[in-house]
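Report on the structure given below.
The values are calculated or read from the model by the stated rules, or taken from the named source; none is laboratory data. Computed from a predicted model, the values in this text were never measured in an experiment. Using ideal geometry, Cβ is built from the backbone for each residue, glycine included, and neighbour counts are taken over all protein chains shown. Side chains are part of the model used for accessible areas, which takes the heavy atoms of the whole protein and leaves out ligands, DNA and RNA. Shrake-Rupley method; radii C 1.70, N 1.55, O 1.52, S 1.80 Å.
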Amino acid sequence: MSEYQLAFSNVTEDQLRRIFKAFNRFMVLLFRLGLGSFGNGTKYGGYIMVIKHTGRKTGLTRHTPVNYATVDGDIYCTSGFGRAADWYLNIKANPQVEAWLPDGRWAGIAEDATGEENSAHHLRQVIIASGFAGPLFGVNPKKLSEDDLRRLLESYRLIRIRKVNALTGAGGPGELSWIWPLATFALLWLLLKRRRK
């Protein structure tokens, strides 16, 4: 791991992966419940999207929450675990993805933009948009030089998602929002039942 990646040396990469895996499940659930925009896009919480992609070995649908920044209409995100991250390997094998943003859902094409001319600038934008996550990894995007950012790109991967078209309908964020009226009805029924006793 890069010298910039961990602000706390007593946590191993494996432990960090397990922590992120649990947090990622929670974030995907929030998006599926229609709550992906709540608290998203704040200075401290950062900008979080969910990438819907296809498993390279299984062909199953996978969901991965990541911090992102939009630059000139394209969506940029990073793979902090570099080339070894499963979601990165999946999108390299099948670049057709969906990006679930707080304000919409897009079909897109993902590509590695790590070696491109403006990659250090785009990485800085993603880290700035990550809120607390950058400092958690010991990365202060406002203090890093271009050379520091290029060194980070030796282990990180910078991904660009080019929007193809907006999507609506089933299978996207809010697909579990039917739970809210059902839960409201169940709570009202319990409340009325309790009052009758």
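Of the residues Leu123, Leu60, the single one that is surrounded by 22 or more Cβ atoms within 10 Å (Cβ to Cβ), over 14 Å from the mean Cα position of the chain (by Cα) and either more than 17 Å from Asp148 (Cα to Cα) or not β-branched (Val, Ile, Thr) (or both) is Leu123.
Listed by first and then second residue, the pairs with beta-carbon distance under 8 Å, at least 6 apart or on different chains, first residue in the range 89-100 and free of Cβ contacts under 8 Å to residues at least 60 places away in the same chain, second open to solvent by 50 Å² or more (accessible area, probe 1.4 Å) and in a helix (DSSP H, G or I), are Leu89/Arg83.
Listed by position, the helices (runs of 4 or more DSSP H) contained in the range 111-197 that have at least 2 residues being at pLDDT 80 or above are 119-129, 146-152, 179-196. The requirement of being under 26 Å from Leu33 (Cβ atoms), of a type in the set (Ser, Thr, Tyr) and either within 19 Å of the chain's Cα centre (by Cα) or surrounded by fewer than 17 Cβ atoms within 10 Å (Cβ to Cβ) (or both) is not satisfied by Ser155. For the range 88-102, the candidate set comprises residues that are of a type in the set (A, V, I, L, M) and within 16 Å of the chain's Cα centre (by Cα); within that set, the residue that is most open to solvent (accessible area, probe 1.4 Å) is Leu89. Just so you know, in the range 77-87 the residues that are open to solvent by less than 10 Å² (accessible area, probe 1.4 Å) and either assigned to a strand (DSSP E or B) or of a type in the set (Phe, Trp, Tyr) (or both) include one that is modelled with the highest pLDDT, and it is Cys77.
Here Asp74 meets the list (1) modelled with pLDDT of 95 or more; (2) over 17 Å from Arg124 (Cα atoms); (3) surrounded by 15 or more Cβ atoms within 10 Å (Cβ to Cβ) almost entirely, failing just condition (2).
Taking the range 168-197 as the range and being under 19 Å from Leu29 (Cα atoms) and either aliphatic (A, V, I, L, M) or open to solvent by 100 Å² or more (accessible area, probe 1.4 Å) (or both) as the test, the residues that pass are Thr168, Ala170, Leu176, Trp178, Ile179, Trp180, Leu182, Ala183. Taking the listed residues Phe31, Phe26, Phe38, the one that is part of a helix (DSSP H, G or I) and free of Cβ contacts under 8 Å to residues at least 12 places away in the same chain is Phe26, with no other qualifying. Candidates in the range 88-109 are the residues that are β-branched (Val, Ile, Thr) and in a strand (DSSP E or B); of these, the one that is nearest to Ala133 (Cα to Cα) is Val97. Confirm whether Tyr47 is of a type in the set (Ser, Thr, Tyr) and open to solvent by less than 60 Å² (accessible area, probe 1.4 Å). The answer is no for Tyr47. The single condition among (1) at pLDDT 90 or above; (2) surrounded by 20 or more Cβ atoms within 10 Å (Cβ to Cβ) that Trp106 does not satisfy is (2).
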